[in-house]
Amino acid sequence: MTTPILRLTNVSKSFGPVDVLHDISLQVNAGEVLCLLGDNGAGKSTLIKTLSGVHAPTSGTMEMDGQPVAFANPREASDRGIATVHQFGGTFPLMSIGRCFFVGREPVKRWGPLKAYDRRTANEVAVKAIQGFGITRITDGDRLVGGLSGGERQSLAIARAVHFGARVLILDEPTAALGVKQASHVLRIVLEARRRGLAVIFITHQVTHAMAVGDRFAVLIRGSLAASFAKGERTREEITDLMAGGEAMAELEAEIAAHEAGSPQAA
Ligand SMILES: Nc1ncnc2c1ncn2[C@@H]1O[C@H](COP(=O)(O)OP(=O)(O)OP(=O)(O)O)[C@@H](O)[C@H]1O
Ligand SMILES: [Mg+2]
């Protein structure tokens, strides 16, 4: 048994009287992609915000490498190597690629008491890191992020997270707004991050994307973990069903059965 990088045990989260997450237990291992599935409002974003230090759990425990952790803010989670990439890559359209890559950690050049942002180094390192993920079209670190495609922005954000030592990479719907070709780029980058030994938590509504990269799957329905299984244990139809909130499908089937039996009131 290997110790998981991240383990949650019985994590619940309420906002005042509203219970959003109930008793979630799950883990992610190095070199594995965990797909987090579930319908709108199931609690996926709340769960990743809890993992990344935005919210504190109401109860339950979180461990990294077997040691209990609690994050007071997102900075603490990121210092521990948990990197979260939001839907639009958390990037800044009016910044250059080099600037955006190093935001908050700019390399500096010094002349005696003077110092200045080292544009050349930033651009070189950023372009090299992004190309390392197979995005070879990006050659100029001075280009503005606003001019990149959605897939390229995702790639920039992932390359930055990996460069600064992320061990857990959380991607909230990174392929949602992308066309087929760009989405496949992002999926390839997810696989490259896994190959480099990161634990990846990948949120998506697209079964095809989930099945293409997932090693393990966790399905949230109304804030509870409704199913968790490994690659190959469920068919595409079963996964689609679960994502639609399996219980809705079960209700529908019961209604149809009742209707066919001639007693719709019984449904
Ligand atoms: N700060 C908050 N206060 C009260 N309720 C909240 C808060 N944040 C989220 N919720 C509720 O928790 C539930 C889950 O929301 P969440 O954003 O985690 O869902 P999701 O699975 O990410 O959905 P989607 O697929 O639409 O992104 C929703 O009903 C939402 O209204
Ligand atoms: Mg969400």
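Annotations for the structure displayed:
- Test: residue in the range 69-91 that is within 16 Å of ligand 2 (Cβ to nearest atom), without any contact (Cβ under 8 Å) to a residue 12 or more places away in the chain and either among the charged types (D, E, K, R) or assigned to a loop (DSSP other than H, G, I, E, B) (or both): no
- When the helices (runs of 4 or more DSSP H) confined to the range 178-244 are screened for residues that are farther than 30 Å from Leu148 by Cα and aliphatic (A, V, I, L, M), those reaching at least 2 such residues are found at 236-243.
- Asp79 being within 20 Å of Arg216 (Cβ to Cβ), at pLDDT below 95 and acidic (Asp, Glu): no
- Candidates in the range 165-184 are the residues that are in contact with a strand residue (DSSP E or B) (Cβ under 8 Å, 6 or more places away or on another chain) and modelled with pLDDT under 90; of these, the one that is farthest from ligand 2 (Cβ to nearest atom) is Pro174.
- Scanning the range 40-59 for residues that are in contact with a Lys or Arg (Cβ under 9 Å, 6 or more places away or on another chain), more than 7 Å from ligand 1 (Cβ to nearest atom) and assigned to a loop (DSSP other than H, G, I, E, B) returns Gly53, His55, Ala56, Pro57, Thr58.
The values are calculated or read from the model by the stated rules, or taken from the named source; none is laboratory data. Please read all numbers here as calculations on a predicted model, not as lab measurements. Every residue, glycine among them, receives a Cβ derived from its backbone with ideal geometry; neighbour counts consider all protein chains shown.
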